[in-house]
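Written out below as structure tokens is the structure these notes cover.
Please treat every number below as a calculation from the coordinates, not as lab data. All values reported here derive from a predicted model rather than from experimental measurement. Cβ sites come from the backbone with ideal geometry, for glycine too, and all protein chains shown count toward neighbours.
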Amino acid sequence: MATSNLLLVSVRDLIGKPGEMREKHLDIAAPTHYGEAVAVVPEGRELGIDLRLESVHEGIFVSGEVHTTAEAECVRCLEPLSVPVVADFQELFAFSSGDGYDYLVVDETIDLDQVVRDQVVLQLPFQPVCSDDCAGLDPETGEKRPEGWEPPEINDIDPRWAELEKLVSNPQDDEADASK
């Protein structure tokens, strides 16, 4: 798998030394695009990865944080936007496959490709918006509604419900009835 090379980390200096720890920072380009929906991290986008590698008896415990930016489209107005993404992860890369662990130390290296991909994709927004008060598109014109747009008040009563209006008391009528 060609994408693995960028996210291979040597752990030679930690093998067989439980209790040893080191920190490492990686600045790499995303090996493939992450995500398939409204927000994606495109291939080649910079990933900043802060790692903490700890040797334990079972393998290498890796904790880290990934920083990147996703490209998205506002689900209300369809304007393009950038969304910062921060993803944390913790995984044990085992020395032996017989222990039922998902990840292994292979040839004194760990491959972070799947771990990073999974955590970044989980942090992508499901319905990104350019702002909390985005008014979206006008359904009649298809144009973006201006900032601060408010829906018009509709006072027209459906003729099918007009008779029910007679059942609603008018405050002026209530005052007139009380004075009698």
Spelling it out for GLU73: with amide H atoms placed in the peptide plane at 1.01 Å from N, the residues 5 or more places away or on another chain with amide H under 5 Å from its amide H are LEU81
Between GLU65 and ALA135, Cβ-based FRET efficiency (R0 30 Å, step 0.05) works out to 0.30
Charge dipole of the stretch 1-73 built from unit charges on the beta carbon (Lys, Arg +1; Asp, Glu -1), centred at mean Cα; most positive-end Cα among VAL11, ALA72, THR32 is VAL11
The simple spin-label model distance between SER10 and GLU147, using points 7 Å out along Cα→Cβ, in nm, is 5.2
Scoring the chain by relative contact order with C-alpha pairs under 8 Å, at least six apart, yields a percentage of 19
Candidates for mean projected area of the Cα convex hull in nm² are [x] 11.3; [y] 20.5; [z] 9.1, and the calculated one carries label [y]
Once phi for every residue in the stretch 74-82 is put through the Karplus expression 6.51 cos²θ - 1.76 cosθ + 1.60 (θ = phi - 60°), the whole-Hz ³J(HN,Hα) values, with Gly and Pro written as x, are 4, 6, 9, 10, 6, 6, x, 8, 10
Taking the chain and counting helices only, DSSP H stretches of n ≥ 4 at -39,500 (n - 2.57) each over all residues, the nearest-500 ellipticity at 222 nm comes to -3500 deg cm²/dmol
